Amino acid sequence: MTNIGCTRPGAVTPEAILAYVDGDASPDVAQHLRTCPACASEAQVYSRLQGRLGGALYRFDCPPAQALGEYELGLTSPEGRSGVARHVLDCPHCMAELLSLRTFLADDMALAPAPRGGPVEGLRRVVATLFVPAPGAGAAALRGGTDGEGATYRVEDLTITLGPGPPGPRGRASLMGLIVREDHDLEVSAGSTAHLLSATGEPVTAAIDELGSFAFDDIAPGNYGLELHLPGLIVAVEDVSVGR
Amino acid sequence: MASRLGVRAGQASPMDLSDTSIGDLSAACRRESEKYRRGEPSTDTYCFELFRRAVYSRDEAAWEAVVDQYRGIVLAWVLRQGGAVAADADYWVNRAFDRFWTAVRPERFGMFDGLPRVLKYLQMCAATAVLDEHRVQRATQHESLDELTDGAPQTARGQEVDGGDVETGALDRLSVAELWQAIVREVPEEGERTVLYCSFALGMKPAEIHERRPHLYPTVADVYRVKRNVLDRLRRSPAIRRLAQVVPDGVERQGVVPEKGG
């Protein structure tokens, strides 16, 4: 197809004119449009049409930023959460906004107390207690206060599930854990860590990922204490037996 | 803060503060906040009660005390966002508080189980006020200069960003939902509609559309072909023209005709 009145019929296609409007055209097309009033006019029509459609429709069905914020804070209803999640997966703008909100909200510096003496002083420390044995964790490697099962511990709105990981070489053991926060996403930061403490050896440290999971590999069977260092909070789990 | 006391909306805090004046609450809140900042044992009961009175009871004096107490923290959040936002910090601090006040009606105060969550929400308001402004700036780039409107910042849908339902300018003349429905009627084929949605709702260039949907559009040229086809159809649609006034005068004379042999 070509434009009525084009000075060189067939020189450029309508798609090429559209590409020119989008900034994607070749120099040949740009050169033609500088000399052909009909094609230049056509480009102007496309430009205005796109400008007005874009002005009216741009992000017309995106949730308001406030809704993204409430989603991030776990204040959205279950139905609303799935709707926002579906949209965010498809919308790069909302995805970027959600990630920037997550980063911004994870930083509690303005609310944090002034540090005193050490990195953990002034943090709240709570002790998780055994809730129910985790079903299906059949291996006898970890007792967590009960015999022969994985275990679930709770404190405040946190649930910590511990279970045996794959057995290591030469009788060594492993431990896997998952932290879940009731009602909303767990807040973890780059410094969120899990520490396995024994009476006889150096503590072993593992990172807690953004989903709240952590793992200790190749550890000696024995009784341990577990500390989870989360933003503003240390959660202690006592008497964790591994590989016995 | 050190303690997280659960208080239902509308109920006084567990420590009975119902007879405590706003002035005394404010002083106690300030004192406990200082203790908290020094890492000493503290309670958030007084500060949370201030918020409760402000939001749940819509007590203006309590709200003024809240703003006075937390203005510095909100300012710190605003300054962390840098750039033009930090340069106009007072404006954005006020926007954050306005947004909080508008969003948290009395019936919603129950979603907060203590001061930490209230403050986290306030922090979120400081961030989303700026995000919405970025959205507005991006949306207006799509509008031709003669369509830009005066007055308060607008969303792409012509709503005032913070509160109110101001409708002005070109977008006042159309309902975006109605426009999109008209487009759906004109463009029933999903592959074509996807190009429109990605182009104008998501602001993607054809190359990006091809990258994200290669199964639908194996080449960038395929995207351009579909896009041109659909735009030509829309510019001739009376419904679209009426709704969005997207077609300038004289367009009929500028149409395209099939090329010989093409």
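Each value in this text was obtained by applying a stated rule to the coordinates, not by laboratory testing. The shown structure was predicted, so the numbers you read here are calculated from the model rather than taken from an experiment. Counting neighbours? That spans all protein chains shown, and the Cβs are built from the backbone with ideal geometry, glycine included.
Starting from a Cα-only point model with no solvent, please compute log10 I(q)/I(0) by Debye for region A:14-57 at q = 0.20, 0.22, 0.34 1/Å.
-0.57, -0.67, -1.20
Per-residue Cβ counts within 10 Å, from other chains only, averaged over B:220-228: what number is that? Intermediate results must be reported in sequence, preceding the final value.
On the way: counts 3, 4, 0, 2, 9, 4, 1, 6, 9.
Going residue by residue through B:220-228 and averaging, the value is 4.
Tell me the relative contact order for region B:174-254 as a rounded percent, counting alpha carbon contacts under 8 Å between residues six or more apart. It would help to have the intermediate numbers written out before the result.
Numbers: 56 pairs, mean separation 26.5, N = 81.
Result for region B:174-254 is 33 percent.
Shape call for region B:174-254 from the C-alpha gyration tensor, a ≥ b ≥ c root eigenvalues: rounded (a/c under 1.5), prolate (a/b greater than b/c) or oblate? Before the final figure, lay out each step's value.
Values: a/c = 2.25, a/b = 1.64, b/c = 1.37.
Here region B:174-254 falls in the prolate category.
So how do A:217-223, B:80-86 stack up, highest first, on mean other-Cβ count within 10 Å? Don't skip to the answer; put the middle values down first.
Working: A:217-223: 15.3, B:80-86: 13.3.
So the order, starting with the most tightly packed, is A:217-223, B:80-86.
Please list, in chain and number order, the residues 5+ apart from A:T193 or on another chain whose amide H is under 5 Å from its amide H, with Hs placed from the backbone.
A:I208, A:H229
Calculate the all-directions average of the projected area of region B:22-140's alpha-carbon convex hull, and give it in nm².
7.9
Would you mind putting A:159-165, B:97-103 in packing order, based on average other-beta-carbon counts within 10 Å, highest first?
A:159-165, B:97-103
Taking the Cα centre of region B:22-140 as origin and charging only Cβ (+1 Lys, Arg; -1 Asp, Glu), how large is the dipole, in debye to the nearest 20? Don't skip to the answer; put the middle values down first.
On the way: 18 positive and 17 negative charges, 74 e Å.
In total the dipole reaches around 360 debye.
Could you please state, rounded to a whole Å, how far the C-alpha centre of region A:1-48 is from the C-alpha centre of region B:49-83?
56
How well do other chains shield peptide B:176-182, expressed as the mean number of their Cβ atoms within 10 Å of each residue Cβ? Each step should come with its number before you reach the end.
Values: counts 5, 2, 0, 4, 4, 0, 0.
So the per-residue partner count for this stretch is 2.
When Cβ neighbours within 10 Å are restricted to other protein chains, what is their mean count per residue of peptide A:7-20? Intermediate results must be reported in sequence, preceding the final value.
Working: counts 0, 0, 3, 4, 0, 0, 7, 8, 10, 3, 3, 8, 7, 0.
Taking all residues of A:7-20 together, the mean is 4.
Counting alpha carbon pairs within less than 8 Å and at least 6 residues apart, what relative contact order, in whole percent, applies to region A:4-96? It would help to have the intermediate numbers written out before the result.
On the way: 46 pairs, mean separation 18.7, N = 93.
It rounds to 20 percent for region A:4-96.
What's the center-to-center distance, using Cα atoms, between region A:203-244 and region A:62-107 in Å?
Cα centroid to Cα centroid, the span is 30 Å.
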